[in-house]
Number of protein chains: 2
Amino acid sequence: MALAKRKGIFAPTAEIYGGAAGLYDYGHIGAAIKRKFESVWIAYFVERMENYHMIDGSTVLPEKPLVASGHAALFNDILVGCSKCNTYFRADVLLKDSGIDVSEGASAAELDEAISRNKVICPKCKGSFGKARAFNMMFDLYLGPERNEKAYLRPETAQSVYLNFFREFSISKKKLPLGLAIVGKAYRNEISPRQGLYRLRELTQAELQIFFDPENWTLGLDGMRDMKLNVAMYANGGKQENISIKDMIERYGIPQFYAFHMGLINTFYTDVIGINSERIRFYEKGGNEKAFYNKLHMDIEVDVESWGGFKEVGGLHYRTDYDLKAHSKGSGQDLSVIVGDKRLVPNVLELSFGVDRNVWMMIDCLYEKTEARSILKLPKFLAPIIAGIFPLQHEEALIHKARELYLSLKPILNVEFDMSGSIGRRYARMDEVGTPFCITVDYDTIDKDSDRYDTVTLRNMEDKSQTRIKISDIAAVLLQASRFDPSKFSGISNYVPYADDD
Amino acid sequence: MALAKRKGIFAPTAEIYGGAAGLYDYGHIGAAIKRKFESVWIAYFVERMENYHMIDGSTVLPEKPLVASGHAALFNDILVGCSKCNTYFRADVLLKDSGIDVSEGASAAELDEAISRNKVICPKCKGSFGKARAFNMMFDLYLGPERNEKAYLRPETAQSVYLNFFREFSISKKKLPLGLAIVGKAYRNEISPRQGLYRLRELTQAELQIFFDPENWTLGLDGMRDMKLNVAMYANGGKQENISIKDMIERYGIPQFYAFHMGLINTFYTDVIGINSERIRFYEKGGNEKAFYNKLHMDIEVDVESWGGFKEVGGLHYRTDYDLKAHSKGSGQDLSVIVGDKRLVPNVLELSFGVDRNVWMMIDCLYEKTEARSILKLPKFLAPIIAGIFPLQHEEALIHKARELYLSLKPILNVEFDMSGSIGRRYARMDEVGTPFCITVDYDTIDKDSDRYDTVTLRNMEDKSQTRIKISDIAAVLLQASRFDPSKFSGISNYVPYADDD
């Protein structure tokens, strides 16, 4: 958190007023990482897919759809308050923090029972607790001049997609699978917001809803069957194991459309983001831990040091036809569609990612601090600054040449000019925010008699190697490095679900 | 609006439930145009500038900063209600709609007087009106387990920037000008939301706050002095005139830092977006029409047919040191900074754009419908789909080749495969959503004996011209066309405010 503040990654919202629990702002380095993560997520999971689209929806939703979806009644946490000091806690978190194991979906009665059986007292004042009760996590607000039209801030982007499904199906290829994704804000009145962008009251989600017919899923597992995943299956008591996709399907009966996306997500974290595969696992939630709309529910977890172990950064949720049927009933509109000869209400597979959690996770996992150097090993296409441009010495001719190069690149690339301190210190500043290249203008660069005239030193952050490069080649090298090309990553180059056969 | 719905540009939020006033969702074509507009805005106004940065901030703000900024007390519209049918109206809009001219900043008493003097009655039921009163347009919400921590949805992104100014100044170059921008949501409980993405309850803003010292503004007007602008100045009775920047400065005493940004904005609309310069004007607000924090306030207006004339799509606001001083006072933190030998509270120049309004404006202004064709003349770098890929006929070998090309491009470019209907109909579908290129695979493409083997027809939307191009060259041509390069636009290539002189 200290690094985050010092380097402009993020800080509490309205910090000059003392901040506000569960609300964060991104400084310019963090905002750049967040925006780039979102673009890469969109390119990888959505844009290269046929019949998959980004849409955008209002974060304020009228009351009716959230009654129909079940959120108005069921999007609850269980709250318990100290009868002495009046501090409130999320009951399951209170118990877990006291070392008592409870399931995430435990009822108020079960939690009351666990609190009294274990004689849990208020960690603040040692008082005793009142009765646990359900607490709805949605924020309500009131529209209109009389402030009487009840609305909610959406608790997930998914609902905006379901509300748009029918129109989007009608104006696109009229086929399944149809993928619709939103990257946007969601809001939850968390009882106990936590540090580290983990449990926020305002968060950014990147969610993809895949509408499909489970009886007609044609996308194969070619090249993926032998990929090994870390899974903790409910049927196996949540025990972690390393298993191939092929074996997992056989042993646990995971449907192919689901297994395929586990492989896709795993590749995203290992190959695209560069997280060690040992730190990624799929944790299946079963019984009453599952969200009320899910048939098959796995958390995507990453082992993050500052979070104390494996924590959720996303989820893969087989929501069946629950949502579309709920909105059909709530709105009175038939949301079934005809594909081929079949009329059906499509099923939904949801890929859900918490963007803020992923930003924190990347900074934690990719930051390496040794005695020699501190370096943020982001992939080049996620780097907030692509190159630092330095005159070797504080000398007029060198400065002039370096400024000229800087001015020519700045309109198209995020480069930074720096002439303060030694070259070593300038390298170190760039290393710490994940800048992949540093470019130094030296005496050879401006010496017309040298065969190194109009060349500069290009230093690579990763291995500190230096090469000499022509000034005229720099723009192309940097543009190439900053561009994310999903077809470069193994196992996903042909991820287009069907040929158009009209 | 019909086109917007049919083509997936936008539609009312939760339309299957009857919609909600002032809330809209973007379909996939609209969402792509919006995202690209935002990227281009960022590249043009922010990214190519030295010491200018994008940041990101929570849309939920605690109460204190919005009390300090004046919004809790003053961010009001004047509301008037029919005493018979209880319908509420924004008083100034009610009067304007009745053909009565009132200033936007008129007080409740003035509006009451105008209503009774002109005997305005309820347009719905002909009832008479009660007393006008101030109505605060911010949405309030309540955080925490007891729902007792009052907060607001921010009414403008600007406040998030002011709250981050001091940290950003400290971690960046510690110089002025410093530019900080946010593209994000803002919320206003509009009394009478209007059609056409004009007056929304949830909107996206693109706002740049430039912190500067008005006594040390060094950026010149080179190449801009003779640029002609349409302006309607308060001192000239709001009469529209076409005048050079140089003459405007002389005649009206517009400060250079302000005039420079008028030129920059004008170039954005004419050269980047491609709006006819006759349709753009700067309308100065004076007297009580100005926002309470502005010293010099111009609306950026575009003449939009579906809005019935010139309407605001953005604003250029000289907010002085009002905001930072207000937050210094409210938070007790000294927000002055030292630059060179001088301690000062920087002044703020705000460039504010309504993204939704700009999307609507572009679609209105750039859509050309003749008997022969309907075409959305977006610049190539704003096109939601960069190219359509078609087999000439519905024949296996042609389809196969076209699919192969499609699959090779899709991971890196938003191309669309289409084989339904005649080539003419496929062109027409692409024209209507602004797709700049169509690529046709024909018999020559697959004929190994032809000298046109492995070439395709590239059709340009703008003039319907067709050229023959090698398949291997297509990716480069399309990538080049979709990339926005701000240095290509006149008058702005050297828009970097100062040389680093540490």
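Quick notes
- Here the condition is being modelled with pLDDT of 95 or more, in the same structural domain as residue A:308 (by TED's automatic domain parsing) and surrounded by fewer than 20 Cβ atoms within 10 Å (Cβ to Cβ); of A:254, A:243, A:265, it holds for A:243 alone.
Yes/no matrix, rows are residues, columns are (1) part of a loop (DSSP other than H, G, I, E, B); (2) in the same structural domain as residue B:328 (by TED's automatic domain parsing); (3) acidic (Asp, Glu):
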site: B:159; (1), (2), (3): no, yes, no
site: B:166; (1), (2), (3): no, yes, no
site: B:183; (1), (2), (3): no, yes, no
site: B:206; (1), (2), (3): no, yes, no
site: B:215; (1), (2), (3): no, yes, yes
site: B:218; (1), (2), (3): yes, yes, no
site: B:221; (1), (2), (3): yes, yes, no
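- Residue among A:325, A:342 that is more than 26 Å from residue A:477 (Cα to Cα) and free of Cβ contacts under 8 Å to residues at least 40 places away in the same chain: A:325
- Among residues of segment B:27-37, those that are within 10 Å of another protein chain (Cβ to nearest Cβ) and either under 14 Å from the mean Cα position of the chain (by Cα) or touching a residue at least 60 places away in the same chain (Cβ under 8 Å) (or both), counted: 7
- Of the numbered criteria (1) of a type in the set (Phe, Trp, Tyr); (2) more than 14 Å from chain A (Cβ to nearest Cβ); (3) under 30 Å from residue A:144 (Cβ atoms), the one residue B:269 fails is (3).
- Single residue of segment A:60-76 satisfying the filter (surrounded by 24 or more Cβ atoms within 10 Å (Cβ to Cβ) and of a type outside the set (A, V, I, L, M)) that is modelled with the highest pLDDT: A:65
- Residue in segment A:49-59 that is more than 14 Å from the chain's Cα centre (by Cα), of a type in the set (Val, Ile, Thr), at the interface with chain B (Cβ under 7 Å from one of its Cβ atoms) and closer than 15 Å to residue B:32 by Cα present: yes
- Candidates A:160, A:192, filtered to the one that is facing chain B (nearest Cβ under 9 Å), out of contact with any Leu (no Cβ under 7 Å at 6 or more places or on another chain) and within 24 Å of residue A:328 (Cβ to Cβ): A:160
- Complete set of residues in segment B:402-421 that are over 11 Å from residue B:439 (Cβ atoms) and part of a helix (DSSP H, G or I): B:403, B:404, B:407, B:408
- Being crowded, with 23+ Cβ neighbours inside 10 Å and out of contact with any strand residue (DSSP E or B) (no Cβ under 6 Å at 6 or more places or on another chain) holds for only one residue in B:163, B:176, B:153, and it is B:163.
- Taking the conditions (1) within 8 Å of chain B (Cβ to nearest Cβ); (2) at pLDDT below 95; (3) outside any strand (DSSP E or B) in turn, residue A:79 satisfies each one other than (3).
- One residue alone among B:456, B:433 is touching a strand residue (DSSP E or B) at 6+ places or on another chain (Cβ under 7 Å) and within 12 Å of chain A (Cβ to nearest Cβ), and that residue is B:433.
- Every residue from segment B:80-97 that is over 23 Å from residue B:283 (Cα atoms), more than 27 Å from the chain's Cα centre (by Cα) and open to solvent by less than 60 Å² (accessible area, probe 1.4 Å): B:80, B:81, B:82, B:85, B:87, B:88
- Filter result (open to solvent by 30 Å² or more (accessible area, probe 1.4 Å) and either more than 9 Å from chain A (Cβ to nearest Cβ) or in contact (Cβ under 8 Å) with a residue 24 or more places away in the chain (or both)) within segment B:141-150: B:148, B:149, B:150
- Complete set of residues in segment A:434-443 that are over 13 Å from residue A:474 (Cα atoms) and either of a type in the set (Phe, Trp, Tyr) or at pLDDT below 95 (or both): A:443
- Residue list for segment B:422-443, filter: open to solvent by 50 Å² or more (accessible area, probe 1.4 Å) and not in a helix (DSSP H, G or I): B:422, B:443
- Residues of segment B:1-25 satisfying the condition of being over 12 Å from residue B:200 (Cβ atoms) and open to solvent by less than 10 Å² (accessible area, probe 1.4 Å): B:4, B:8, B:9, B:11, B:14
- Candidate set from segment A:398-412 (those that are more than 9 Å from chain B (Cβ to nearest Cβ) and in contact (Cβ under 8 Å) with a residue 24 or more places away in the chain); member that is most open to solvent (accessible area, probe 1.4 Å): A:401
- Residue match in segment A:186-203 (condition: closer than 30 Å to residue A:337 by Cβ, among the polar types (S, T, N, Q) and in contact with a helix residue (DSSP H, G or I) (Cβ under 9 Å, 6 or more places away or on another chain)): no
- Single match in A:238, A:274, A:308, A:287 (criterion: open to solvent by 10 Å² or more (accessible area, probe 1.4 Å) and without any contact (Cβ under 8 Å) to a residue 40 or more places away in the chain): A:308
- Residues of segment B:444-472 that turn out to be in a helix (DSSP H, G or I) and loosely packed, with under 12 Cβ neighbours inside 10 Å, as a count: 1
- Any hit, segment B:217-224, residues being open to solvent by 10 Å² or more (accessible area, probe 1.4 Å), farther than 26 Å from residue B:154 by Cβ, in contact with a helix residue (DSSP H, G or I) (Cβ under 8 Å, 6 or more places away or on another chain) and in contact (Cβ under 8 Å) with a residue 60 or more places away in the chain: yes
- Test: residue in segment B:121-133 that is surrounded by fewer than 17 Cβ atoms within 10 Å (Cβ to Cβ), more than 9 Å from chain A (Cβ to nearest Cβ) and not in a loop (DSSP other than H, G, I, E, B): yes
The values are calculated or read from the model by the stated rules, or taken from the named source; none is laboratory data. Everything numeric in this text was worked out from a predicted model, so none of it was measured. A quick note on method: Cβ atoms are made from the backbone with ideal geometry, for glycine too, and the neighbour counts reach across all protein chains shown. Side chains are part of the model used for accessible areas, which takes the heavy atoms of the whole protein and leaves out ligands, DNA and RNA. Shrake-Rupley method; radii C 1.70, N 1.55, O 1.52, S 1.80 Å.
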